[in-house]
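In what follows, a structure is listed as structure tokens, so that the remarks can point back to it.
The values are calculated or read from the model by the stated rules, or taken from the named source; none is laboratory data. All values reported here derive from a predicted model rather than from experimental measurement. Methodologically, a virtual Cβ is constructed for each residue, glycine included, from the backbone with ideal geometry; neighbour enumeration extends over all protein chains shown. For the accessible areas, the whole protein counts, side chains as well, though only heavy atoms, and no ligand, DNA or RNA atoms are used. Shrake-Rupley method; radii C 1.70, N 1.55, O 1.52, S 1.80 Å.
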Amino acid sequence: MERGMISVDRWGEGSQVYFLTHLHADHTVGLSPRWNKGPVFCSHISARLFHHKFPGFDTSLIRTLEIGQWYSLSLVSLTTGSQTKVEVMSIEANHCPGAVMYLFRGVFGITLYTGDFRWEVTSETTQMGKNMLLKALKNDKIDTIYIDNTYCNPSYSFPSREVAAQQVVNIINTYPEHDIIIGIDTLGKEDLLLYISKILNIKIWVWPERLQTMHLLGLHDNFTTKSTLTRVRAVPRYSFSVETLEGLNTMHPTIGIMPSGLPWKLKGKDKSCDLSSLKTETGNDLHMNMRNRYTNNIEKYHQYIYTVPYSDHSCFSELVEFVKYLCPNNIKGIVSSSLSYIDPCYHLHNIYGTSSLFPKHLIKEERARVEGECESTLSCDSFTQVKLKSKRIKHSRLHLRKTRVSLLRRFKRGAKLTTEDCSDD
DNA sequence: GCGATCAGTT
DNA sequence: CACAACTGATCGC
């Protein structure tokens, strides 16, 4: 992509067109109701949710794209100053409602920006995305994939959301007399709640604003704001804490369930997990065996709290499948926070194109190459953040060390940290 | 009042 | 231990 032309999920100055993958807060930093920098392209569902999230947003700036359809844009190349054609197609990302990837085709070649996505082979949505990509690309090869590297490390492994949803149902069934609370965000995990609602044939309580979101998503039957109607409540994740659960339990026995890709652990406490009391609904042994590998992921985080590996991001093996399927020339991580922006690419490049690991003597070289590559994806945002952070005196030791290391490392490598890096690709 | 940034939380 | 996604406090304007 050429700088100054296209921004995806970045809302700083200096682009001709802006693309939104989905409406989670960490992808909309800089977007506000008074946005006026340029047209915002997004999916129909995101467009529908837009006004809820940003009341008063200038509707004339929103351009909705039909999924799986090519659109042509005429942009100005900042390097040549002349008009250039860019084609774009949005593809189902299977992350949260309205989430899409963007496939771009232009003078810069073919670029796929995945945004956050889940590449779940058992999911129909993923199959749709797969077919769209196949159809869109024909025999062409993607030059660069900007990939959701959130869980791009072999240590991250979790089951399909269908399996995880059943785990949640199993936990709920284990406590027939308990109230249940489930931690969720402002968007996402609707399928999990729907599954629970349908299997157990109950409504699920959500807070009033969340009910509005449900209605905007066309979900009218399975949710309620009347707490007397149900024992299962979905609550904002930030109000879901050990204290909350302990407080609730002084009034009525209550179990909390956290759906998350990461197995949370309570610091220094007993991590033991009593799964013996958990039964499958069907008692199906095969089902049980299939899940066996993952059962350890159901953690009893606390006396009253379970965590279940229900993730809206791809796990490592899914990322591997994705990359193998598309065979791009280049891979760059989107998530550049903390120290994770190096390892992810490293892991993917290791498996990419070959079933075995690189010979030991090549690994160092490969790592250096990959690290250099990832370096170029650094945004000025993260740089200024680092600069500001290192100036501060009051800071946790860990943070201070981290920023120093990464500042030093970036400086040593001579990474270009100009506004050029900020805007797009 | 506003956006930007940071700390803290699960 | 980590992550994503979010809230609330604080700062500068």
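Some notes on this structure:
- In region A:55-92, the residue that is modelled with the lowest pLDDT out of those that are touching a helix residue (DSSP H, G or I) at 6+ places or on another chain (Cβ under 7 Å) and among the hydrophobic types (A, V, I, L, M, F, W, C) is A:F57.
- Checking each residue in region A:237-247 for being open to solvent by 50 Å² or more (accessible area, probe 1.4 Å) and in contact (Cβ under 8 Å) with a residue 24 or more places away in the chain picks out A:R237, A:E246.
- When the criteria are applied in full, A:V121 meets the requirement of being outside the structural domain of A:D185 (by TED's automatic domain parsing) and modelled with pLDDT under 95.
- Criterion (closer than 29 Å to A:L217 by Cβ, in contact with a strand residue (DSSP E or B) (Cβ under 7 Å, 6 or more places away or on another chain) and part of a helix (DSSP H, G or I)) met by exactly one of A:M89, A:M128, A:M101: A:M128
- Filtered by the rule that a residue be outside any strand (DSSP E or B) and in contact (Cβ under 8 Å) with a residue 60 or more places away in the chain, region A:54-72 gives a lone residue, A:G68.
- Residues considered: A:N289, A:N329. Of these, the only one that is loosely packed, with under 13 Cβ neighbours inside 10 Å and modelled with pLDDT under 60 is A:N289.
- Of all residues in region A:26-41 being within 17 Å of A:A99 (Cβ to Cβ) and open to solvent by less than 30 Å² (accessible area, probe 1.4 Å), the one that is farthest from DNA strand B (Cβ to nearest atom): A:F41
- Count of region A:152-165 residues which are in a helix (DSSP H, G or I) and open to solvent by 10 Å² or more (accessible area, probe 1.4 Å): 3
- Listed conditions (1) under 18 Å from the mean Cα position of the chain (by Cα); (2) surrounded by fewer than 18 Cβ atoms within 10 Å (Cβ to Cβ); (3) part of a loop (DSSP other than H, G, I, E, B) are all met by A:N149, apart from (2).
- Restricting region A:216-236 to residues that are within 18 Å of A:I196 (Cα to Cα) and in a helix (DSSP H, G or I), the residue that is most open to solvent (accessible area, probe 1.4 Å): A:T228
- A:D116, sole failed condition from (1) more than 16 Å from DNA strand C (Cβ to nearest atom); (2) buried (at least 24 other Cβ atoms within 10 Å of the Cβ); (3) part of a loop (DSSP other than H, G, I, E, B): (1)
- Residue selected from region A:73-86 under the condition among the polar types (S, T, N, Q) and part of a loop (DSSP other than H, G, I, E, B), by the criterion least open to solvent (accessible area, probe 1.4 Å): A:S77
- Test: residue in region A:174-191 that is part of a helix (DSSP H, G or I), of a type outside the set (S, T, N, Q) and open to solvent by less than 30 Å² (accessible area, probe 1.4 Å): yes
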